[in-house]
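The values are calculated or read from the model by the stated rules, or taken from the named source; none is laboratory data. All figures in this text were calculated on a predicted structure; none of them were measured in a lab. FYI the Cβ positions are ideal-geometry reconstructions off the backbone, even for glycines, and counts take in every protein chain you see.
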Amino acid sequence: MKLAILSDIHSNVFALEAVIADVKKHNVDYMVNLGDILYGPIAPKATYDLLMKHNFITICGNQDRQIFEATTAEIASNPTMKFIIDDLGEDPIEWMKSLAFDKQLSDDIYLCHGTPSNDLIYLLENVECGYARLRSDNDILSLLNGQKSPIICCGHTHTPRTVSLSTGQVVVNPGSVGLQAYTDDEPNIHSMENFNTMASYALLEKVSDEKANSKEASSTKANESWKVQHINVPYDVKSAVEACMKRDRQDWVHFLTTGRKCP
C-alpha cells in the first residue's frame, strides 16, 4: 500500500496542481487530505474544483470550520473571509460541512488535523517560546489521548516531520501544500517557518510482508514496516503571489516568496 498525504492547501491551487502532478509519478493507492483546504486569498473555488476531479480521502481542518461557521459580523470584518465566501458559493461550503473531524483509515493508519480531540492544538509542536519546538514524547502521547494506531497522520502546523514515539508509533506531518510560513496569535503569538517556497507533501508506503519479516525491517514496529518520504515540489509561486496581491495580503506575499515570517 502506498499513500500520498497532503495537508493545509489553503486555497493555493497552483501548489496543489504541482503536488498532484508529482503524486501521479508515484503510483499511489490513495490520496489523503488532512484539512485546512480552502481558507486563503488565492483561489478557493478553483482549489475545490481541482480536488473534486480527484479521489481524495478528506477530513476537516480548523479553518474549514472557520469558513462554514463564520457569522455575518465575522465575514464583514474580514475581507479575506468575505472573498472566500463570495468565491466559493454554496456547494463547496456544504461539502466542507460534510467532512469528518478525523478518520480511522485502516487498522494501521489514523488521520486527524490537529490532535485526536482538538483541531486547534498542535500535536507535535510546542510554540510557547514563539516558534516551533518538538514536544516531549510524554506530551505527544498525552495529546494522542489513547489513540493506538501505529501510524498517526496529522497536519495543522505546516511543519513536515516524522516522529517516532516510545510506543513504537510513528507520527507523520506532511507539512503544507500551500503556505510555507505564517504567524498566528493563538495560543500565543508565534511563527512557523519552513524556509523554502516549495509545496510539501509526504509519501507513506507499506513495506512488503517479505521484507518486513527480514532482517532489514520488522513488521512489529511501525517505523520499520512503513516507509515515509517527505517531498518538496516547486510550483508557480508567481501566480499565487499575484492572487494575494489582488486581495491586499502582503503578509501572504512574504510567506509565499520566502518561507519565512514577516520582518
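Things worth noting here:
- Residue 174 being out of contact with any Cys (no Cβ under 6 Å at 6 or more places or on another chain) and either at pLDDT below 95 or crowded, with 21+ Cβ neighbours inside 10 Å (or both): yes
- Selection of region 1-19 for residues being of a type outside the set (Phe, Trp, Tyr) and assigned to a helix (DSSP H, G or I) yields 13, 15, 16, 17, 18, 19.
- Failed item in (1) in contact with a Leu (Cβ under 6 Å, 6 or more places away or on another chain); (2) among the hydrophobic types (A, V, I, L, M, F, W, C); (3) in a loop (DSSP other than H, G, I, E, B), with residue 37 passing the rest: (1)
- So residue 3, is it touching a Leu at 6+ places or on another chain (Cβ under 8 Å), hydrophobic (A, V, I, L, M, F, W, C) and farther than 18 Å from residue 93 by Cα: yes
- Per-region count, region 123-153, residues out of contact with any strand residue (DSSP E or B) (no Cβ under 9 Å at 6 or more places or on another chain), more than 27 Å from residue 207 (Cα to Cα) and part of a loop (DSSP other than H, G, I, E, B): 1
- The residue pairs whose first member lies in region 49-60 and is at pLDDT 95 or above, whose second member is basic (Lys, Arg), and whose beta carbons are closer than 6 Å, counting only pairs six or more residues apart or on different chains, are 59/103.
- Residue 155 vs. criteria modelled with pLDDT of 95 or more, crowded, with 16+ Cβ neighbours inside 10 Å and either under 19 Å from the mean Cα position of the chain (by Cα) or not acidic (Asp, Glu) (or both): yes
- Residue match in region 182-192 (condition: surrounded by fewer than 20 Cβ atoms within 10 Å (Cβ to Cβ), in contact (Cβ under 8 Å) with a residue 60 or more places away in the chain and farther than 21 Å from residue 10 by Cα): yes
- Inter-residue pairs, beta-carbon under 9 Å, first in a helix (DSSP H, G or I) and of a type in the set (Phe, Trp, Tyr) and in region 63-77, second buried (at least 16 other Cβ atoms within 10 Å of the Cβ) and at pLDDT below 95, 6+ apart: none
- Here is the figure for region 33-56: residues that are surrounded by fewer than 24 Cβ atoms within 10 Å (Cβ to Cβ) and more than 19 Å from residue 87 (Cβ to Cβ) total 3.
- Scanning region 47-62 for residues that are assigned to a helix (DSSP H, G or I) and out of contact with any Leu (no Cβ under 9 Å at 6 or more places or on another chain) returns 49, 52.
- The residues on offer are 132, 100, and the sole one that is surrounded by fewer than 16 Cβ atoms within 10 Å (Cβ to Cβ) and of a type in the set (A, V, I, L, M, F, W, C) is 100.
- Looking only at region 104-129, and only at residues there that are of a type in the set (D, E, K, R) and buried (at least 18 other Cβ atoms within 10 Å of the Cβ), the one that is nearest to the chain's Cα centre (by Cα): 119
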